[in-house]
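The values are calculated or read from the model by the stated rules, or taken from the named source; none is laboratory data. Note that the structure is predicted; figures quoted are calculated from it, not measured. When we count neighbours, we look across all protein chains shown, and the Cβ atoms used for this are built from the backbone with ideal geometry, even at glycine. Accessible surface areas use protein heavy atoms only, side chains included; no ligands, DNA or RNA. Shrake-Rupley method; radii C 1.70, N 1.55, O 1.52, S 1.80 Å.
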Amino acid sequence: MENKDLIINADKNKIVDIEIIYKDIKEKILTARSKMLKHIDTTMTEVYWYVGKITYELSENSTKASYGKKIIDALSEKLINEFGSGFSPVSIRRMRKFFELYPIWSAVPTELSWSHFLELQELIRVNRKEEREFYEQEAIKSNWGYRELGRQINTKLYDRYLISPDKDKIIEESKKGLIEKQPEELLKNPYIF
């Protein structure tokens, strides 16, 4: 019985295993795809940060709270008309909150996806800066997807970590029931350009 994955190279009298070549090429494609998705996500996170910055600065120059709401509503309407529903007033307020938490772009941990910050509002809802930084660092170090980040926040990992005398054990136990990060999480909710 002949193996279809083995081909004899007549010029060099060698047997070439197509499966090995296929797996190598497949790995390159998957790595390239992952890098591309990460670059897109970082770029869109920067755009959303910028929208938050602009709306924050405009409303800071006003003494009336209603002025900020009017700006967001008017901007949202124009952006939705051109770029789609990703710029609803609620989304723009989230972008503004994102800017308020990270007023310096270079301080944004770009290893995390937009979803980590806003989609489920996981890091945005953490009010204490040191707690937010703990979750950022752990999410990066442990390669958590946003679902896993949400699980860790909901189970109060930070608080358990603070009060535990054996901090390594707490981190190790937090890995039980880990929700694996899926590559498609990056673009689960497609960007609207």
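Listed values, structure above:
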| item | result |
| --- | --- |
| Convex hull of Cα atoms in the stretch 23-109, direction-averaged projection (nm²) | 7.2 nm² |
| Area accessible to solvent at Arg132, 1.4 Å probe radius, in Å² | 20 Å² |
| Whole-Å distance, taken between Cα centres, linking the stretch 154-177 and the stretch 49-102 | 37 Å |
| Debye, to nearest 20: dipole size of the stretch 67-159, +1 on Lys, Arg Cβ, -1 on Asp, Glu Cβ | 340 debye |
| Solvent-accessible ranking of Tyr161, Tyr67, largest area first, probe 1.4 Å | Tyr67, Tyr161 |
| Gain on full stretching of the segment that runs from Glu27 to Thr155 - 0.36 nm per residue minus C-alpha separation | 42.5 nm |
| Stretchable slack from Ile171 to Asn143, in nm (0.36 nm times residue separation minus alpha-carbon distance) | 8.7 nm |
